[in-house]
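The values are calculated or read from the model by the stated rules, or taken from the named source; none is laboratory data. This one's a predicted model, so the numbers in the text were calculated from it and none came from an experiment. Here Cβ is always computed from backbone atoms with ideal geometry, including for glycine, and neighbour counts include all displayed protein chains.
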Amino acid sequence: MSALVLGEHEDLLERVRHRLAEVPGRLSPAVVAGAIRAEAGGVLGDTDLLAALRVLQTELSGAGPLEALLHEPATADVLVTAPDAVWVDRGAGLERTDVRFADEAAVRRLAQRLALSAGRRLDEAQPWVDGRLPEAGYGGAGVRLHAVLPPVAADGTTISLRVLRPATQGLDVLVASGSVPPEVAGLLEAVVSARLAFLVVGGTGSGKTTMLAALLARVEHRERIVCVEDAAELAPQHPHVVRLVARAANVEGVGEVSVRQLVRQALRMRPDRVVVGEVRGAEVVDLLTALNTGHDGGAGTVHANSPREVPARLEALAALGGMDAAALHSQLAAAVQVVLHVHRGADGSRGLAAVGVLERSVAGTVTVAPAWTRAGGRGPAWAALAGLLAERGVTV
């Protein structure tokens with residue numbers, strides 16, 4: 001846009017923004033151009049009119065200046081920390097981009113418009129928002145939005161956008177990419193075939209959902225899988241998958257459907273396997289209950305930095321559902337047999353780092369013993385894992 005429009009006519013653009021804010025429905029280029037002409041009163045020439053139209057169209061459609069970044073196939077996250085600080089993660093860590101906003105007000109306007117698009121409220125009374133954008137124009141992926149306004153965000157409005165690409169990769173693809181060593185692929189298939197319940201653990205962005213989807217694709221095609229998720233990411237290549245997705249409350253504070261409620265509904269849907277895309281709250285109680293009442297072979301993902309931290313992590317989550325530590329360890333020991341740890345390296349590479357077996361001590365507490373690690377190969381619990389598989393008629 002020309003310096004004339006950016007400078008002398010910034011007040012004109014602001015008036016146009018206010019006018020368009022009162023227009024119901026989608027804003028077509030004709031509507032935007034009409035608003036510019038009406039507010040300009042003949043002051044702008046054709047060149048500046050077109051420049052103003054381009055600026056406003058960028059602001060008012062999609063994710064504005066961030067739209068191009070979201071459309072890049074490798075983009076995982078787009079983060080705005082200041083008008084001149086926009087970052088992108090394309091799988092190899094965060095990189096600072098050349099994208100710039102005019103000022104703090106422009107960042108705030110984008111955050112509020114995206115919140116409205118997600119059916120949420122973002123203002124002084126509700127200074128943060130967490131939602132999902134309805135657009136599906138990012139290579140079939142959805143986008144999760146999180147934004148915070150000042151003064152809660154001390155240095156200005158922040159926006160975090162995560163691209164939720166459907167996890168459809170198969171185990172063969174993970175082996176070919178080096179994410180899963182060939183010598184362990186057979187073990188993972190055996191775990192699925194034997195209907196051992198397993199948890200995929202790891203940090204943010206480590207590939208938990210991708211690994212889970214790849215293993216679910218190996219489930220016998222006659223079985224019915226019911227997946228419960230907070231955000232729709234699991235898309236295993238399996239012919240019989242039912243996907244249930246949680247819903248947050250609307251702007252009036254009603255209409256919430258929690259993951260815990262959906263887990264209970266899943267049990268009434270004749271599942272062969274119950275899967276929770278990400279165990280992050282009290283739903284762990286219902287999942288463990290399900291796995292202890294005949295629904296073996298279930299699975300889920302959990303945020304944990306290492307396998308040995310899983311019991312403590314689940315203790316904390318179970319407490320949210322009113323289950324004490326002793327009960328959690330008792331339920332866990334009977335419900336889950338295997339833990340798969342995935343790790344993201346400093347170079348952005350992701351892959352299976354360890355396979356563990358849950359063992360219960362004489363005191364009743366559960367620990368995770370290593371059966372295999374990428375660094376050391378077979379571990380102390382390898383025999384125990386082989387025994388679990390043999391009990392179910394499966395050999396590695």
What residue, among those in region 350-396 that are closer than 18 Å to Val184 by Cα and polar (S, T, N, Q), is modelled with the highest pLDDT? Thr373
When every residue in region 73-106 that is in contact with a strand residue (DSSP E or B) (Cβ under 6 Å, 6 or more places away or on another chain) and over 30 Å from Ser179 (Cβ atoms) is compared, the one modelled with the lowest pLDDT is Val99
Only residues in region 150-166 that are under 20 Å from Leu234 (Cβ atoms) and without any contact (Cβ under 8 Å) to a residue 12 or more places away in the chain count as the first member; pair them with residues that are buried (at least 19 other Cβ atoms within 10 Å of the Cβ) and among the aromatic types (Phe, Trp, Tyr), Cβ under 7 angstrom, at least 6 apart or cross-chain, and list the lot. none
Please work out if Arg96 is free of Cβ contacts under 8 Å to residues at least 12 places away in the same chain and surrounded by fewer than 14 Cβ atoms within 10 Å (Cβ to Cβ). yes
For region 193-237: of the residues being surrounded by fewer than 19 Cβ atoms within 10 Å (Cβ to Cβ) and within 20 Å of the chain's Cα centre (by Cα), which is farthest from Leu174 (Cα to Cα)? Ala231
Would a scan of region 139-147 turn up a residue that is farther than 30 Å from Val355 by Cβ, surrounded by fewer than 19 Cβ atoms within 10 Å (Cβ to Cβ) and either without any contact (Cβ under 8 Å) to a residue 60 or more places away in the chain or among the hydroxyl-bearing types (Ser, Thr, Tyr) (or both)? yes
Can you say whether Arg120 is under 20 Å from the mean Cα position of the chain (by Cα), farther than 29 Å from Thr395 by Cβ and buried (at least 16 other Cβ atoms within 10 Å of the Cβ), as far as the supplied structure shows? yes
Quick check on Leu145: is it within 22 Å of the chain's Cα centre (by Cα) and among the aliphatic types (A, V, I, L, M)? yes
Is at least one residue of region 289-307 in a helix (DSSP H, G or I), assigned by TED's automatic domain parsing to the domain that holds Ala197 and of a type in the set (Gly, Ala, Ser)? yes
Every pair of residues 6+ apart whose Cβ atoms lie under 7 Å, when the first sits in region 319-332 and is of a type in the set (S, T, N, Q) while the second is modelled with pLDDT under 95 and in a helix (DSSP H, G or I): Gln331/Leu288
Residue hits (region 170-192; buried (at least 18 other Cβ atoms within 10 Å of the Cβ) and under 22 Å from Val274 (Cβ atoms)) are Leu171, Leu188, Ala190, Val191, Val192
I'm trying to understand the selection: among the residues of region 236-263, which are in contact with a helix residue (DSSP H, G or I) (Cβ under 7 Å, 6 or more places away or on another chain) and not in a loop (DSSP other than H, G, I, E, B)? Leu244, Val259, Arg260, Val263
Of (1) surrounded by 16 or more Cβ atoms within 10 Å (Cβ to Cβ); (2) of a type outside the set (Phe, Trp, Tyr); (3) farther than 20 Å from Arg195 by Cα, Gly255 satisfies every one except (1)
